[in-house]
Amino acid sequence: MKRVSILVALAIAVGLSPQIAGAQSPKAGSTAGAEKKKTTLEIVRENGALSCGVSQGLPGFSAPDDKGNWTGLDVDVCRAIAAAVFDDPSKVKFVPLSAKDRFTALQSGEIDVLSRNTTWTLSRDTSLGVNFAGISYYDGQGFMAKKSLKVNSALELNGASICVQTGTTNEQNVADYFKGNNMKYEVIAFANADEAVKAYESGRCDVFTSDVSQLYAQRLKLATPADHIVLPEVISKEPLGPLVRHGDDQWFDIVKWTLFALVNAEELGVTQKNVDEMAKSDKPELKRVFGTDGNLGEQLGLTKDWVARIIKATGNYGESFERNVGTGSKLEIARGLNKLWNKGGIMYAPPIR
């Protein structure tokens, strides 16, 4: 004890901290005097609504009607998150964003989640300070052309002028495709999709390129949609999904598992109409999903009935797909790759257990 006291005295004399001299240090993780940083979930609850970044108007994915009511596959993801957090899918503030501004809005904290037909790539995942929470739509880039051009394949586009939106993966994909097929082309780029489509319709370019889902959506805006054809080639992989900021694993988990809940519900046969009845099931898997066995919802920072809240609000993934972009919608897009994994597609979610 005498030796320790001498060491401490010497340390103080030369300006060192007592801890260096062997004195007892404060408990690890002490935050005395430091204000605890609020989590995204806490901020969302304090604000009373989820701030969700969406497109500036893409039918089937995120678009407002004449009364300002937003609908679409991406919109349903936002409403599902709000339902999980608030038990109220209407507690969402939709923030329309251009392709160029979408990542900055998320990085700055202007929005809590970005659900805006955004492709998951390595560079975006590693350089933008964001996490992709999953895949809500498996897509690929294609081309739309006027039927009068009498083109039936993208391989017949040698020398074509192509309208494209800047700030997307489309420009690089076009370059790769044409170079790989030894074809010449001219790019005419625009700041947003609407400008690109108007230029295409007016004849400033031969074809318009974007994700195939967006081609179907934009075709609806043309004066005579039937005069235009989506060519059969899909030239890229475009897995689309919601994003959150780095640094908040709990919020990342909430958004991720909200998406997974939508997919799992379809696989389990849980729909918007039968959710209350299914919640009474004695099947072990359904008991875990509906919170009658275990505390999985509470592990996320939510309630036991978080899945039931989601499905009551939006229906399952299949219901959302069919309503917004599927054969029962104006877009009439075949389910294709977005069918469940056990139905011939690749849509798959980790189990809730």
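The values are calculated or read from the model by the stated rules, or taken from the named source; none is laboratory data. Note that the structure is a prediction, hence the values are computed from the model and not measured. Positions of Cβ are backbone-derived with ideal geometry, glycine not excepted, and every protein chain shown enters the neighbour counts. For accessibility, only protein heavy atoms count, side chains too; no ligands or nucleic acids. Shrake-Rupley method; radii C 1.70, N 1.55, O 1.52, S 1.80 Å.
Values as computed for the structure displayed
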| quantity | calculated |
| --- | --- |
| Residues located in region 198-213, provided they are open to solvent by 20 Å² or more (accessible area, probe 1.4 Å) and under 23 Å from Leu337 (Cβ atoms) | Val212 |
| Residue tally, condition over 18 Å from Val92 (Cβ atoms) and either touching a residue at least 40 places away in the same chain (Cβ under 8 Å) or in contact with a helix residue (DSSP H, G or I) (Cβ under 9 Å, 6 or more places away or on another chain) (or both), over region 299-327 | 15 |
| Residue check for Ile333: β-branched (Val, Ile, Thr), surrounded by 15 or more Cβ atoms within 10 Å (Cβ to Cβ) and in a loop (DSSP other than H, G, I, E, B) | yes |
| Qualifying positions in region 258-302 - of a type in the set (S, T, N, Q) and open to solvent by 50 Å² or more (accessible area, probe 1.4 Å) | Gln272, Thr292, Asn295, Gln299 |
| Conditions (1) surrounded by 23 or more Cβ atoms within 10 Å (Cβ to Cβ); (2) touching a strand residue (DSSP E or B) at 6+ places or on another chain (Cβ under 8 Å); number of the one not met by Ile346 | (1) |
| Residue in region 179-197 that is surrounded by fewer than 15 Cβ atoms within 10 Å (Cβ to Cβ), modelled with pLDDT of 95 or more and touching a Lys or Arg at 6+ places or on another chain (Cβ under 8 Å) present | no |
| Count - residues of region 84-129 that are within 21 Å of Lys38 (Cα to Cα) and crowded, with 20+ Cβ neighbours inside 10 Å | 8 |
| Residues of region 310-328 satisfying the condition of being in a loop (DSSP other than H, G, I, E, B) and at pLDDT 95 or above | Gly315, Asn316, Val325, Gly326 |
| So Asp276, is it more than 19 Å from Pro350 (Cα to Cα) and outside any loop (DSSP other than H, G, I, E, B) | yes |
| Selection count, region 281-295, where residues are in contact with an Asp or Glu (Cβ under 8 Å, 6 or more places away or on another chain) and not in a loop (DSSP other than H, G, I, E, B) | 2 |
| Checking Ile135 against (1) in contact with a Pro (Cβ under 6 Å, 6 or more places away or on another chain); (2) closer than 19 Å to Ser202 by Cβ, the condition it does not meet | (2) |
| Matching residues in region 292-328 - criterion: being in contact with a Gly (Cβ under 6 Å, 6 or more places away or on another chain) and under 21 Å from Ala217 (Cβ atoms) | Glu322, Asn324, Val325 |
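Per-residue answers, yes or no, for (1) aliphatic (A, V, I, L, M); (2) not in a helix (DSSP H, G or I):
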| residue | (1), (2) |
| --- | --- |
| Val234 | yes, yes |
| Gln250 | no, no |
| Leu259 | yes, no |
| Ala265 | yes, no |
| Gly297 | no, no |
| Leu302 | yes, yes |
